[in-house]
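Only one structure is covered here, and it is reproduced in the block below.
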Amino acid sequence: MSRKRRMFDIDMPVMDDIPVGKVPDKVLEKRRGPMAAAISENADALRNQQSTEDTIRAENDRLAHELVRLRSEGLVTEHVALSDVVTEKLTRDRKPGPDPELDELKDSIRDIGLSNPIRLERRSDGRFDLIQGMRRLSAYRALYEETGEERYAKIPAGISAATDVSNSYRRMVDENLIRKDISFAEMGALARAYAEDPSHDCDSVDKAVAILFKSASYTKRSYIRAFASLLMMLDKVLMHPNDIPRNLGVELKRKIDADPGLVRHISTAVMSEPDRDAAREVALLRRFVEPDAVTSKKPTATSGGKTRRAKTTFQVSGRAGVAKCAASSGRIEVRYDLDFTRVDRAKLEQAIATMLEDLQEEDDLTHG
């Protein structure tokens, strides 16, 4: 019997090599028409756009929250109308009267603008309480009054939420502690005003100093307490308390503590000269600390038979207080509340040279 002959030889592929349910991309591209391709591309673009918008929205939300935080902390500068700034919340530590340096500040604002914005706190009535920057505000108000220019009608300010009044005082005081022209009498007066305000829950000047001047050194706080006490004892006597040098005020307070009756003698001496200026008032106070400070020495005969001229003493007011001067033949002495060792040597030499050049000595007063 003969074998049957196969008609076809078919090579069957291995089953694992046959893709199931998967169509090659090239096949899909051939099957998908132009409209389907456009729809697919548009869908991809929409998905990318939505993702981009979500990212932008999230970033905007983050920035909005950050802006709210910065504003609440007063770190965002805004322009506030001068008429909306109220200055009554805090008792100012600046002495009353004209400010000799205000013109310099106004010139600086004209030239370069305000470098350091003022600090305000929001009020419930929509206005703002001034916390820091009384001089800056005064300069802007003066410029607006003088020029009428709209650029001075609003002042740059950092605005924060209202806080406890003691915190507001601390902000004002800490900024002013670095001022060179603030006197111990001004700081003492501020401590007294704070202690006497019934809304502050502060029963003594010492406590007021501890609260307001917490950032100051222990020594500086003791000086402020001394001046606050001195002003209380001589409240209605002194006309120029802000010109009293630190050392004089502290020593005068110490002597009064040792002899309370000294207050009456000081009051009598000071009030006997109602037209006194600052230098004269300081000189009168100095008599009770340094009794020989204004007493001229009597002429005494030298071994050569020549008469020695008496020493001339006088006082001159300066930025750091009153300078006590003593002049005699061939010598002049200046005592001033200033560390001359920290003054630039060239500047010091120039000042002395100018003084000597301006002094015109009479012929009969030369040493010969």
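Assorted remarks:
- Condition check for Tyr223: in contact with a helix residue (DSSP H, G or I) (Cβ under 6 Å, 6 or more places away or on another chain), among the aromatic types (Phe, Trp, Tyr) and farther than 24 Å from Leu338 by Cα: no
- For Leu252, the test of being outside any loop (DSSP other than H, G, I, E, B) and touching a Pro at 6+ places or on another chain (Cβ under 7 Å) is failed.
- Output for the range 182-216, where each listed residue is touching a helix residue (DSSP H, G or I) at 6+ places or on another chain (Cβ under 7 Å), hydrophobic (A, V, I, L, M, F, W, C), within 25 Å of Val237 (Cα to Cα) and part of a helix (DSSP H, G or I): Phe184, Ala185, Met187, Ala189, Leu190, Ala191, Ala195, Val205, Ala208, Val209
- Taken together, the residues in the range 114-134 that are surrounded by 17 or more Cβ atoms within 10 Å (Cβ to Cβ) and either of a type in the set (Lys, Arg) or out of contact with any strand residue (DSSP E or B) (no Cβ under 7 Å at 6 or more places or on another chain) (or both) amount to 2.
- Residues that are outside any loop (DSSP other than H, G, I, E, B), among the hydrophobic types (A, V, I, L, M, F, W, C) and touching a residue at least 12 places away in the same chain (Cβ under 8 Å), drawn from the range 109-135: Ile109, Ile118, Leu120, Phe128, Leu130, Ile131, Met134
- Those residues of the range 256-284 which are basic (Lys, Arg) and open to solvent by 60 Å² or more (accessible area, probe 1.4 Å), in sequence order: Arg264, Arg280
Residues checked against (1) within 24 Å of Glu121 (Cα to Cα); (2) of a type in the set (S, T, N, Q); (3) at pLDDT 90 or above:
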{"site": "Tyr140", "(1), (2), (3)": "yes, no, yes"}
{"site": "Glu145", "(1), (2), (3)": "no, no, yes"}
{"site": "Val205", "(1), (2), (3)": "no, no, no"}
{"site": "Phe213", "(1), (2), (3)": "yes, no, no"}
{"site": "Thr219", "(1), (2), (3)": "no, yes, no"}
{"site": "Ser229", "(1), (2), (3)": "no, yes, yes"}
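- Single residue of Leu338, Leu348, Leu285 found to be closer than 27 Å to Ser183 by Cβ, at pLDDT 80 or above and in contact with a Gly (Cβ under 9 Å, 6 or more places away or on another chain): Leu285
- Note on the range 147-174: among residues that are modelled with pLDDT of 75 or more and aliphatic (A, V, I, L, M), the one that is surrounded by the fewest Cβ atoms within 10 Å (Cβ to Cβ) is Ala161.
The values are calculated or read from the model by the stated rules, or taken from the named source; none is laboratory data. Everything quoted here is computed from the prediction, not taken from an experiment. Reconstructed Cβ throughout: ideal geometry from the backbone, glycine too, with neighbour counts over all protein chains shown. Just the protein is used for accessible areas: all its heavy atoms, side chains included, with ligands, DNA and RNA removed. Shrake-Rupley method; radii C 1.70, N 1.55, O 1.52, S 1.80 Å.
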